[in-house]
Amino acid sequence: MTLEATHRAIDAVWRIESAKIIAVVARMVRDVGVAEELAQDVLVTALEQWPQKGVPDKPGAWLTAAAKNRALDHLRRVQLLAAKHEEIGRDLEIHGEAFEPAFDAALEDDIGDDLLRLVFTACHPILAPEARVALTLRLLGGLTTDEIARAFLLPEATVAQRIVRAKRSLAAAQVPFEVPRAAELPERLASVLAVIYLVFNEGYAATGGGDWMRPALCDEALRLGRILAELMQQEPEVHGLVALMELQASRARARIGAKGQPVLLLEQNRARWDHLLIGRGLTALARAERLNGALGPYALQAAIAACHARAGTAHQTDWPRIAALYDVLAQLQPSPVVALNRAVAIGMAYGPAAGLELADALSHEPLLKGYHLLPAVRADLLLKMGRRVEAQAEFERAASLTRNVRERALLQERARGCDAS
């Protein structure tokens, strides 16, 4: 195997196995920052040794075993150099010569538990949302700091600082490496799901830059969601989120034109939708429905996406059902953005005038100030009502507010189209 091929193999193995390795080590050392450093040391060792000795038959197991040994060495140093001997002995129920055998036995816990602990630690509420995102992609997604920075169009130094500060904050607060207790689980799980969906949304509709989508972020969010769904099989909203992401991701190929331009939902070639992902999404939605008759916010959004997925053409879309689902979502999780989406659905189901009345009611909503989709929605509704001059002004205003180059071009094109007789 050539040096380049070996490095590609190491990169592929690391992307797949890194989260598990860091999770195992974090349980041992109780510090995600130290765990990542030890795991990175093992990666460096692999990069040094594998080109000469060859890639092991079970590379993931090799990396995990090496990382465990590094963690054990680290804990021995801690035991000898710091006043933590009693704490370590108490945590692992070990004494004297029994240290190593008991420690080895402690390493055999279910890896799923370790991954859950890592998920909840990386998404801990003491961290700012942007720090949770960066740390999650670093620890669970296996992305480098540079990859995260490029994905979010941020300076690498900014992302690196967020990750370092996040790990320091977790260490300083002595955040336990554990799955939250039952009473704390709903709030903490909501944080985890929000982080995963934020990553997906940034990939699905990039807030800035020259690309309409960033598929790598969608892929990472889907991978994390699928892992979480297997680890928390009895949590309906986990399946609801996975269903939503699967169904939205199914449209990815149809959302971008030949020249990279955005293609709006009603104009997409539905033959290009990924029916395998649609099937996975509908299955995940059915799991959420079986677990909880009253759908949560993510499952409700998935049910809305399912209406689009089941429609053979745009004209066959069941807009009254979508509007009804938005009614429920607006009651369950009221927000200006949900209200704006509801206005779109009402406009499609019952006419543009009804939708415009709801959109106009949001014009003074502080949270939508500077949100480009409010004037974009108003423009579309005005255009359908034949009020072309007003629609053109709104499309131009929306174009001035978006930071995405592709979206700006689309909105400007729609504004110019309002001039046509």
**Report entry** Hits in the range 366-421 (condition: at pLDDT below 95 and either in the same structural domain as I256 (by TED's automatic domain parsing) or on the phi > 0 side of the Ramachandran plot (or both))
**Finding:** G370
Query raised in the report: Right, G203: crowded, with 21+ Cβ neighbours inside 10 Å and farther than 15 Å from F152 by Cβ or not?
Result: no
Report task. Specify which of the listed residues (L329, L374, L381, L362) is in contact with a Pro (Cβ under 9 Å, 6 or more places away or on another chain), surrounded by 18 or more Cβ atoms within 10 Å (Cβ to Cβ), in contact (Cβ under 8 Å) with a residue 24 or more places away in the chain and closer than 19 Å to P262 by Cα. Result -> L374
Query raised in the report: From the residues in the range 1-45 that are in contact (Cβ under 8 Å) with a residue 12 or more places away in the chain and not in a helix (DSSP H, G or I), which one is farthest from S169 (Cα to Cα)?
Result: M1
Report summary line: Within the range 302-326, restricting to residues that are β-branched (V, I, T) and surrounded by 14 or more Cβ atoms within 10 Å (Cβ to Cβ), the one that is farthest from G347 (Cα to Cα) is I304
Query - Selection count, the range 291-307, where residues are in contact (Cβ under 8 Å) with a residue 24 or more places away in the chain, farther than 15 Å from R342 by Cα and not polar (S, T, N, Q) - result: 6
Report task. Being out of contact with any Phe, Trp or Tyr (no Cβ under 9 Å at 6 or more places or on another chain), charged (D, E, K, R) and within 23 Å of L228 (Cα to Cα) is the filter; apply it to the range 115-161 and report the residue that is modelled with the lowest pLDDT. Result -> E147
Report task. Name the helices (runs of 4 or more DSSP H) wholly inside the range 118-215 in which the number of residues that are closer than 23 Å to Q301 by Cβ and not assigned by TED's automatic domain parsing to the domain that holds D31 is 3 or more. Result -> 129-139, 185-204
Requested in this report: Mind listing whichever residues of the range 48-77 are over 14 Å from K20 (Cα atoms) and surrounded by fewer than 15 Cβ atoms within 10 Å (Cβ to Cβ)?
Outcome: E48, Q49, Q52, K53, G54, D57, K58, N69, D73, R76, R77
Query raised in the report: Which residue out of M213, M245 is in contact with a strand residue (DSSP E or B) (Cβ under 9 Å, 6 or more places away or on another chain), without any contact (Cβ under 8 Å) to a residue 60 or more places away in the chain and hydrophobic (A, V, I, L, M, F, W, C)?
Result: M213
Report summary line: Reported set for the range 258-301 where residues are closer than 25 Å to E235 by Cβ, at pLDDT below 95 and exposed (fewer than 13 other Cβ atoms within 10 Å of the Cβ) is R290, G293, A294
Query - Enumeration of residues in the range 386-404 that are among the β-branched types (V, I, T) and under 18 Å from Y371 (Cβ atoms) - result: T402
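The values are calculated or read from the model by the stated rules, or taken from the named source; none is laboratory data. None of these values were measured; they are calculated from a predicted model. Every residue, glycine among them, receives a Cβ derived from its backbone with ideal geometry; neighbour counts consider all protein chains shown.
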